[in-house]
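Novice: Starting off with a structure, shown below.
The values are calculated or read from the model by the stated rules, or taken from the named source; none is laboratory data. Since this is a predicted model, take the numbers as computed values, not measurements. Heads up, the Cβs are rebuilt from the backbone with ideal geometry, glycines too, and the neighbour counts pull from every protein chain shown. The area values use the complete protein model at the heavy-atom level, side chains included, leaving out ligands, DNA and RNA. Shrake-Rupley method; radii C 1.70, N 1.55, O 1.52, S 1.80 Å.
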Amino acid sequence: MSNVHELTFLKEKIEELKSDGVYRVLPINYGPCDGVINLNGKEVINLSSNNYLGLANHERVKKAAIEAIEKYGAGSGAVRTIVGNMDLHEELERVLAEFKREEAVCVFQSGFMCNLGTIQAITEKGDLIISDELNHASIIDGVRLSRADKAIYKHGDMEDLENLLKEKRHLYRNVLIVTDGVFSMDGDIAKLPEIVELAEKYECLTYVDDAHGSGVLGENGRGTVDHFGLHGKVDFSIGTLSKAIGVVGGYVAGSKTMKEWLLHRGRPILFSTSLPPAAVGAIIESVKILMETSEYTDRLWDNARYFKEQVASLGFNTGHSQTPITPIIVGDEAKTMQFSKTLLENGVFVSGIVYPTVPKGTGRIRCMISAVHTKAELDEAVRIIEKVGKELNII
Ligand SMILES: *Cc1c(COP(=O)(O)O)cnc(C)c1O
């Protein structure tokens with residue numbers, strides 16, 4: 001008789017992953033997240049982190065984390081609505097609101113939690129959520145948790161969005177249009193001015209998830225809303241503290257009313273312990289650094305342009321990215337994974353991204369350029385990408 005505790009039903013699925021060639025083992029990084037990392041015991045150029053500005057391992061940020069631990073301890077001890085709301089958390093929200101040039105900010109434990117908690121709290125039965133087809137998984141899950149009806153528009157297709165609004169707007173009380181600010185697999189920017197215009201025309205609310213835009217676009221990395229000068233016109237502006245800011249956490253920036261409501265109905269705030277002091281102290285320092293200087297964002301863009309130009313001039317298809325995210329589109333899934341694997345053997349780590357994360361036949365490696373890369377590291381990466389690209393007949 002089979003033993004139920006052997007989890008045979010999962011073992012079978014895992015075997016399927018293996019026979020489909022999509023089973024993976026996690027690579028191990030033996031040090032901090034930098035331009036060059038020790039991955040699985042080997043030095044490699046790291047073209048795969050979201051640590052856009054190098055703040056994850058910045059001296060000032062590390063020091064702030066240590067100081068916060070010394071003053072406040074290792075953990076916050078409770079959810080925010082009980083005694084887990086330290087003055088440090090309040091300071092973080094003040095600093096972020098100033099940085100984002102919005103009335104108020106509400107912080108969550110991660111960007112993922114922020115989407116899960118916010119979307120379900122601000123929508124209900126009788127509402128409609130309209131979402132771009134390429135929105136992030138955490139938005140998709142957040143939408144699933146809502147009791148509102150859902151509709152999807154073709155990626156970046158404003159005609160499709162308007163058709164949905166014409167057809168459905170009058171059937172609902174509130175309609176929420178949700179989009180990523182920067183789409184993470186292609187690096188293109190949402191058509192925010194057009195989305196805001198349609199939202200105003202049809203009296204809808206707008207929700208922008210700027211995980212890859214914050215710290216990257218706008219003045220000193222203030223994000224997509226700032227990039228387009230749309231302050232006050234996007235109701236819910238989501239950011240992550242885990243990518244360019246270099247630590248962990250997520251937030252929504254917007255009105256005081258939004259914040260008041262989320263403090264009562266944002267479930268991750270009510271039912272999950274608040275961010276630890278070390279993270280909060282570190283984030284405050286990161287945001288202060290960004291407000292003081294454009295040095296890091298300037299270097300990020302300088303590196304990104306430098307890298308993109310070289311890769312494109314070698315004849316690779318780099319898609320239509322408008323940000324430091326640089327896809328190199330290969331097409332075939334197996335070839336994409338082989339490209340990534342061979343690059344790693346040659347000293348560059350770039351993850352391969354294939355179906356179902358991107359549509360079939362558009363497999364790619366996704367190069368993430370950061371402010372910490374030196375020109376020498378980028379040159380070396382380009383040299384290896386060219387060599388392997390030729391070996392595999394990609395160029
Ligand atoms: C990474 C990402 C998130 C999740 O953010 P975390 O802080 O890592 O949980 C949410 N939305 C988008 C668009 C992202 O790219």
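Novice: If you take the residues of the range 211-262 that are aliphatic (A, V, I, L, M) and within 10 Å of the ligand (Cβ to nearest atom), which of them is nearest to the chain's Cα centre (by Cα)? Reasoning before the result, please.
Specialist: Going through the range 211-262, the residues aliphatic (A, V, I, L, M) turn out to be 211, 216-217, 225, 230, 234, 238, 241, 244-245, 247-248, 252-253, 258, 262.
If we keep only those that are within 10 Å of the ligand (Cβ to nearest atom) as well, we get 211, 238, 241, 245, 247-248.
Numbers: Ala211: 4, Ile238: 10, Leu241: 9, Ile245: 11, Val247: 13, Val248: 11 Å.
By that ranking, first place goes to Ala211.
Novice: Additional query: In the range 189-210, how many are outside any loop (DSSP other than H, G, I, E, B), without any contact (Cβ under 8 Å) to a residue 40 or more places away in the chain and more than 11 Å from the ligand (Cβ to nearest atom)?
Specialist: Number of matching residues: 9.
Conditions (1) part of a helix (DSSP H, G or I); (2) within 14 Å of the ligand (Cβ to nearest atom), marked per residue:
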residue	(1), (2)
Ile66	yes, no
Ile69	yes, no
Ile82	no, no
Val95	yes, no
Ile119	yes, yes
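Novice: What is the residue count in the range 338-395 for residues that are among the aliphatic types (A, V, I, L, M), in contact with a helix residue (DSSP H, G or I) (Cβ under 9 Å, 6 or more places away or on another chain) and not in a strand (DSSP E or B)?
Specialist: Number of matching residues: 15.
Novice: While we're looking at this one, here's another question. Among (1) open to solvent by less than 50 Å² (accessible area, probe 1.4 Å); (2) more than 30 Å from Ser76 (Cβ to Cβ); (3) away from the ligand (no atom under 15 Å from the Cβ), which single condition is Thr323 missing?
Specialist: Status for Thr323: all satisfied but (3).
Novice: Separate question: Would you say Gly77 is free of Cβ contacts under 8 Å to residues at least 40 places away in the same chain, surrounded by fewer than 19 Cβ atoms within 10 Å (Cβ to Cβ) and more than 25 Å from Glu295 (Cβ to Cβ)? Walk me through it before giving the result.
Specialist: On the way: free of Cβ contacts under 8 Å to residues at least 40 places away in the same chain: no; surrounded by fewer than 19 Cβ atoms within 10 Å (Cβ to Cβ): yes; more than 25 Å from Glu295 (Cβ to Cβ): yes.
The answer is no for Gly77.
Novice: Right, next: So Ser294 passes all but one of these: (1) in contact with a helix residue (DSSP H, G or I) (Cβ under 7 Å, 6 or more places away or on another chain); (2) open to solvent by 10 Å² or more (accessible area, probe 1.4 Å); (3) within 16 Å of the ligand (Cβ to nearest atom). Which condition number does it fail?
Specialist: That leaves (3) as the condition not met.
Novice: Scan the range 152-188 residue by residue and report those that are open to solvent by 20 Å² or more (accessible area, probe 1.4 Å), more than 13 Å from the chain's Cα centre (by Cα) and within 15 Å of the ligand (Cβ to nearest atom).
Specialist: Passing the criteria: only His155.
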